[in-house]
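Input: a single structure, listed below in structure tokens.
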């Protein structure tokens, strides 16, 4: 039997409310979660970690674990803290955590500071990991041995608790150092732009009718896409209502096969290669056939439009290559991850003459987008001086 953790563990609503009241008096609180998602559609929150700065420095404040599976525990005090705009909520790579808070608590933390995004803005590279930041900024090494344990099992072990607490205790030093860097470089507005997307509830809501947009396909036939849309909508709705992973209904390769084969009856379903046996009968089979019928009946004017891909963009390959050189030069000069400034899709869209790419808006436009447009219009050229690429006005 696992030995219970001896580290600070909150299991009652009163204890949680007391800690959140203490947090409400702090300038910031660091937050992380441990959850399971392998067997469910929605993440199952198992543990919540929080830490506060202390009067004598960031590492001297209290840190706690909250057993979110404890009987009778109500997370209402925690969600009230998330809504308290006097306290900065600090998380690392917050997207999955925010999805849980948005869906389970109908709440998003305000204000939010995501240390992964801040680190990219400060020049630590693309999607820098927590362990890297802990080592570089907090001079701490993280024991990863408990990362993939079953967080729903009780009691939590000391090893699990120590690992979970490390995700918020070192985060205090990381936050304070990154915040100082942002103020020093005047890049705090850059971070604000990135956080705005994370703070949009629409980011975390998957509507069945839009699920087809997440499926990668090169087939741009309107009828094919109409069937694909209906099949993806059925799968998403079925998975959501039963809280099972969408792959348990049928996987993407089976989805594409079904859209191509257009099965009309059970015999047609039996001829599919990729559909799991249990999906060839019962509710799933009935849903598949009904979805295919709806797709086939969809009039051409209501067919989905294919998304933008390099294959259907009229990309000037030479210009796209020049834009990549310019991006690399700007990334090196600013000390910001290139992928944060512009994606490959952004560059292809700009090289194809489109002007709505994210790289042409906000701080990205100042760093890269404006010169990218000048390069496209022949107003500037690129020259190599030593090992540096320089922009030259024409």
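The values are calculated or read from the model by the stated rules, or taken from the named source; none is laboratory data. Bear in mind that the values here come from a model prediction, so they are computed numbers and not experimental data. Cβ sites come from the backbone with ideal geometry, for glycine too, and all protein chains shown count toward neighbours.
So the values come out like this:
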quantity: Those helices (runs of 4 or more DSSP H) lying entirely in region 279-394 with at least 1 residues assigned by TED's automatic domain parsing to the domain that holds residue 268, exposed (fewer than 13 other Cβ atoms within 10 Å of the Cβ) and at negative phi; calculated: 282-297
quantity: Flag if residue 269 is part of a helix (DSSP H, G or I) and in contact with a strand residue (DSSP E or B) (Cβ under 8 Å, 6 or more places away or on another chain); calculated: no
quantity: Region 186-200 - residue that is touching a residue at least 24 places away in the same chain (Cβ under 8 Å) and in a helix (DSSP H, G or I) and, of those, surrounded by the fewest Cβ atoms within 10 Å (Cβ to Cβ); calculated: 189
quantity: One residue from 180, 232, 239 being within 30 Å of residue 52 (Cβ to Cβ), modelled with pLDDT of 95 or more and in a helix (DSSP H, G or I); calculated: 180
quantity: Selection count where residues are more than 17 Å from residue 132 (Cβ to Cβ) and in contact (Cβ under 8 Å) with a residue 60 or more places away in the chain, scope region 156-167; calculated: 8
quantity: Counted residues, region 15-27 - those being in a helix (DSSP H, G or I) and in contact with a helix residue (DSSP H, G or I) (Cβ under 9 Å, 6 or more places away or on another chain); calculated: 7
